[in-house]
Amino acid sequence: MKKYLYILKTQIIKSMTYEFNVYGNIIMQTIIMITSAYFWRALYTGRSVVDGVDVGSMQTYIIISSALSVLLITNVERRIGSSVEKGSVATDMMKPISLFGMFLAEDIGNIIALIFQNMIPILIIGTLMIKPPLMADVRDLPLFIISVIESFLINWLIAALFGMMAFTAINNNALIQVKKHLIRLLSGSIIPIWFFPDSISGVLTALPFVYIYQLPLSIYIGRGERADILMQMGIQFIWLIVLSALFFFAESRITRKVMVQGG
């Protein structure tokens, strides 16, 4: 455990040094957040509530979604691809530490740094320029925290599974970009799935993506009865178990076929 904590601490220090990336991410997320918030305000013109959600709750949804996107940044795909391309994956696997455990520790360290660098500034900007993103019911805070932790793990496992394709495809940059945009679209990050037609939303709720963004956001704004929320959290946990099983199976299979490139 000390080895992983050391990697985590090193990654925090490393992440703190790239100030330009920090400012760029804040500007980008702020533009998306403000544009989305005013877009929803315009759509709600003449309407007080749509699908059980008022315009204030929808704006809170957008602010928290922008903040949550910071916690869902992963670098495991690029780390795997870089290790395979450089040929260092073989030596990495010989180290007295789990390769993917090392990548997970790096991602967690990066996120801890981003909480202070990006997440807090985004919440402050959202509060000043849109509205205070107050939680609908603070009694649901434990459920929200649990759901966010599980959403991070689901997102990381999906990223790791995509990253493993580098062992066979060598360059997985295109797949990473496709995965990134698909998750933002299908997870309810920008447009909640409940606004989709029933035929489409029914299919999307059967996939793991909605449990990355929409479920914790729904808990935060208080959409849905507690019984429904608990049932969805149960499904979220099932997806976590399924993806974990797929991850360990793929890890044991794919690492046997390591192909070293460039020495």
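The values are calculated or read from the model by the stated rules, or taken from the named source; none is laboratory data. All figures in this text were calculated on a predicted structure; none of them were measured in a lab. FYI the Cβ positions are ideal-geometry reconstructions off the backbone, even for glycines, and counts take in every protein chain you see.
Answer yes or no: is there a residue in region 85-106 that is at pLDDT 85 or above, surrounded by 22 or more Cβ atoms within 10 Å (Cβ to Cβ), of a type in the set (Asp, Glu) and in a helix (DSSP H, G or I).
Yes; the residues of region 85-106 include at least one that is at pLDDT 85 or above, surrounded by 22 or more Cβ atoms within 10 Å (Cβ to Cβ), of a type in the set (Asp, Glu) and in a helix (DSSP H, G or I).
Table: residues versus (1) over 21 Å from the mean Cα position of the chain (by Cα); (2) exposed (fewer than 13 other Cβ atoms within 10 Å of the Cβ); (3) modelled with pLDDT under 85.
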position: Met1; (1), (2), (3): yes, yes, yes
position: Gln11; (1), (2), (3): no, no, yes
position: Glu19; (1), (2), (3): yes, yes, yes
position: Ile32; (1), (2), (3): no, no, no
position: Ser36; (1), (2), (3): no, no, no
position: Gly46; (1), (2), (3): yes, yes, yes
position: Ala67; (1), (2), (3): no, no, no
position: Ile80; (1), (2), (3): no, no, yes
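Which one is farthest from Glu150 (Cα to Cα) among residues in region 193-236 that are under 21 Å from the mean Cα position of the chain (by Cα) and among the polar types (S, T, N, Q)?
Ser201
Of all residues in region 109-156, which are closer than 28 Å to Lys9 by Cα and either without any contact (Cβ under 8 Å) to a residue 40 or more places away in the chain or of a type in the set (D, E, K, R) (or both)?
Residues satisfying the conditions are Phe116, Ile120, Ile124, Leu141, Pro142, Ile145, Ile149, Glu150.
May I ask you to list the residues in region 128-142 that are over 15 Å from Leu68 (Cα atoms) and of a type outside the set (Asp, Glu)?
Passing the criteria: Leu128, Met129, Ile130, Lys131, Pro132, Ala136, Val138, Arg139, Pro142.
Scan region 132-143 and tell me whether some residue there is in a helix (DSSP H, G or I), among the β-branched types (Val, Ile, Thr) and surrounded by 13 or more Cβ atoms within 10 Å (Cβ to Cβ).
no
Scan region 173-219 for residues that are crowded, with 23+ Cβ neighbours inside 10 Å and among the polar types (S, T, N, Q) and report the count.
4
Of all residues in region 226-235, how many are among the charged types (D, E, K, R) and more than 12 Å from Asp137 (Cα to Cα)?
Summing the residues that are among the charged types (D, E, K, R) and more than 12 Å from Asp137 (Cα to Cα) in region 226-235 gives 1.
Kindly establish whether Arg139 is of a type outside the set (Phe, Trp, Tyr) and in contact with a strand residue (DSSP E or B) (Cβ under 7 Å, 6 or more places away or on another chain).
no
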